[in-house]
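Worksheet: one structure, shown below.
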Amino acid sequence: RARAGAWAAAARVAQGRRRVEGAGRSPSPVARSQRAALYVHWPYCEKRCSYCNFNKYIPRGVDEAAMRSCLVTEAQTLLRLSGVQRVESVFFGGGTPSLASPHTVAAVLEAVAQTAHLPADSEVTLEVNPTSAPASRLAAFGAAGVNRLSIGLQSLDDTELQLLGRTHSASDALQTLAEARRLFPGRVSVDLMLGLPAQQVGPWLWQLEELLRRCDDHVSLYQLSLERGTALFTRVQRGALPAPDPERAAEMYQEGRALLREAGFRQYEVSNFARHGALSTHNWTYWQCGQYIGVGPGAHGRFVPQGAGGLAREARIQTLEPDNWMKEVKLFGHGTRKRVSLGELELLEEVLAMGLRTDVGITHQHWQQFEPQLTLGDVFGASEEVNRLLEQGLLLLDHRGLRCSWEGLAVLDSLLLTLLPRLQEAWQQKTPSPVPGG
Ligand SMILES: *[C@@H]1O[C@H](CO)[C@@H](O)[C@H](O)[C@H]1NC(C)=O
Ligand code: SF4
């Protein structure tokens, strides 16, 4: 334990100086292939929420020391495998990572700092569940090196929170939010859900207004998706609850984003809103198709395994079930269950679909890093269907690049139905098809 906390101490000094930065930071001198974001999955929860189909377990007891040592080991193994020199953000998600001890968070951060470079101003986010995070615990996470919180608030209506099977009340949520803001000013995000069964537009907007009076500089709006196998799905299927109404959800989303805009928030991504530049660096990496490493049961990653002589980017998923994952980590140093190498076209499809989620879209410069031969104009400029979207004002293609308008962002999925096939077509024209029998 002697070294534990060294990174966190240095980071706290740096935090005193840090200005809030977001996307558009000056590019680091380290090559793209040597940079990555790191996701750490804590798989345990206190109780199952009624809508949740994430990879989470409700344990009778957790051997936290074993879990901690496996997270540390896997982080070290995957960092070495990736050849990554610089970790620009860390995100502790779950499950309910605020149930982990701050010591575990500190141990993982120290291991990352010792295996690769973790700059003192790296964004380190912890997902927080209101009932598992009293102020003293939040402060301890801060001392461990966490510098940003993402609070799973979900709703400010107790009846809805009960319906969702959450363990917290609206007043718990507001109290956690207030404490989080005091401890991490300018660095607190809240999640608000929309589209619940029987939820009405007006009352939901009052919730959002209430939240806007209390929140910090980052808000995420999520639409509830009813997943097979969840308790909520069963209740709807049995007719005990009305099915969520997609049109009403779309209305909530439209009214909600307008309200957030009036309140000075920039919608920098389909579900994410920030003011004062408080964008999430970690998630920005996903939308820019940067590399990321996923550590912990069921975590996903996408990186080039350079340390193992790899050339192509791989999608990687870790073993889901925590006990099996731990056994594998103890045996092999990591619990990777599946590796799929991504083709060039697949990667470009991701660049397109992820990039268009942001308000910046895909700049020419960004596109060129992934596709040096075909420009955005080559791919999309001559297509009649794409031109129709441009004329309708849903899409913009200009000197900056390709991006959605305010109207287009709300219907991105339907735009992609036109754009993705167009990309595939252009790609096939570029790559000569194999000669039959040759
Ligand atoms: C941001 O990234 C975290 C970690 O992968 C994820 O859990 C979260 O859902 C993301 N948020 C959004 C709005 O995409
Ligand atoms: S706290 Fe999160 S991960 Fe855990 S059951 Fe609820 S929604 Fe799922």
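The values are calculated or read from the model by the stated rules, or taken from the named source; none is laboratory data. Keep in mind it's a predicted model, so treat the numbers as computed, not measured. Cβ atoms come from the backbone with ideal geometry, glycine included; neighbour counts cover every protein chain shown.
The set of residues in the range 309-352 being part of a helix (DSSP H, G or I), crowded, with 21+ Cβ neighbours inside 10 Å and under 20 Å from the mean Cα position of the chain (by Cα) consists of 348, 352. The residues of the range 183-213 that are in contact with a helix residue (DSSP H, G or I) (Cβ under 8 Å, 6 or more places away or on another chain) and part of a helix (DSSP H, G or I), listed by number, are 183, 201, 204, 205, 208, 209, 212. The numbered conditions (1) touching a strand residue (DSSP E or B) at 6+ places or on another chain (Cβ under 6 Å); (2) within 21 Å of residue 429 (Cβ to Cβ); (3) not in a helix (DSSP H, G or I) are all true for residue 403 except (2).
Within the range 84-100, being in contact with a Leu (Cβ under 8 Å, 6 or more places away or on another chain) and outside any strand (DSSP E or B) holds for 97, 98. Pairing each residue of the range 308-332 that is farther than 28 Å from residue 344 by Cα with any residue that is crowded, with 17+ Cβ neighbours inside 10 Å and of a type in the set (S, T, N, Q), provided the two are 6+ apart or on different chains, yields C-beta distances under 6 Å for 325/319; 328/319; 329/73.
Conditions tested, residue by residue: (1) touching a helix residue (DSSP H, G or I) at 6+ places or on another chain (Cβ under 8 Å); (2) modelled with pLDDT under 95; (3) more than 16 Å from ligand 1 (Cβ to nearest atom).
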position	(1), (2), (3)
126	yes, no, no
133	yes, yes, yes
142	yes, no, yes
173	yes, no, yes
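Residue 108 meets all of the listed conditions (1) in contact (Cβ under 8 Å) with a residue 40 or more places away in the chain; (2) aliphatic (A, V, I, L, M); (3) away from ligand 1 (no atom under 16 Å from the Cβ) but one, namely (3).
Residues checked against (1) of a type in the set (A, V, I, L, M); (2) closer than 25 Å to residue 359 by Cβ; (3) more than 12 Å from ligand 1 (Cβ to nearest atom); (4) in contact (Cβ under 8 Å) with a residue 60 or more places away in the chain:
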site: 239; (1), (2), (3), (4): no, no, yes, no
site: 253; (1), (2), (3), (4): no, yes, yes, yes
site: 258; (1), (2), (3), (4): yes, yes, yes, no
site: 264; (1), (2), (3), (4): no, yes, yes, no
site: 270; (1), (2), (3), (4): yes, yes, no, yes
site: 277; (1), (2), (3), (4): no, yes, yes, yes
site: 284; (1), (2), (3), (4): no, yes, no, yes
site: 293; (1), (2), (3), (4): yes, no, no, yes
site: 296; (1), (2), (3), (4): no, no, no, yes
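When you check residue 358 against the structure, is it among the β-branched types (Val, Ile, Thr) and surrounded by 19 or more Cβ atoms within 10 Å (Cβ to Cβ), yes or no? Answer is yes for this residue. Being of a type in the set (D, E, K, R), more than 16 Å from ligand 2 (Cβ to nearest atom) and touching a residue at least 60 places away in the same chain (Cβ under 8 Å) is a description that applies to residue 123.
Taken as a whole, the structure leaves residue 296 outside the set of residues that are within 28 Å of residue 119 (Cβ to Cβ), away from ligand 2 (no atom under 16 Å from the Cβ), outside the structural domain of residue 89 (by TED's automatic domain parsing) and not β-branched (Val, Ile, Thr).
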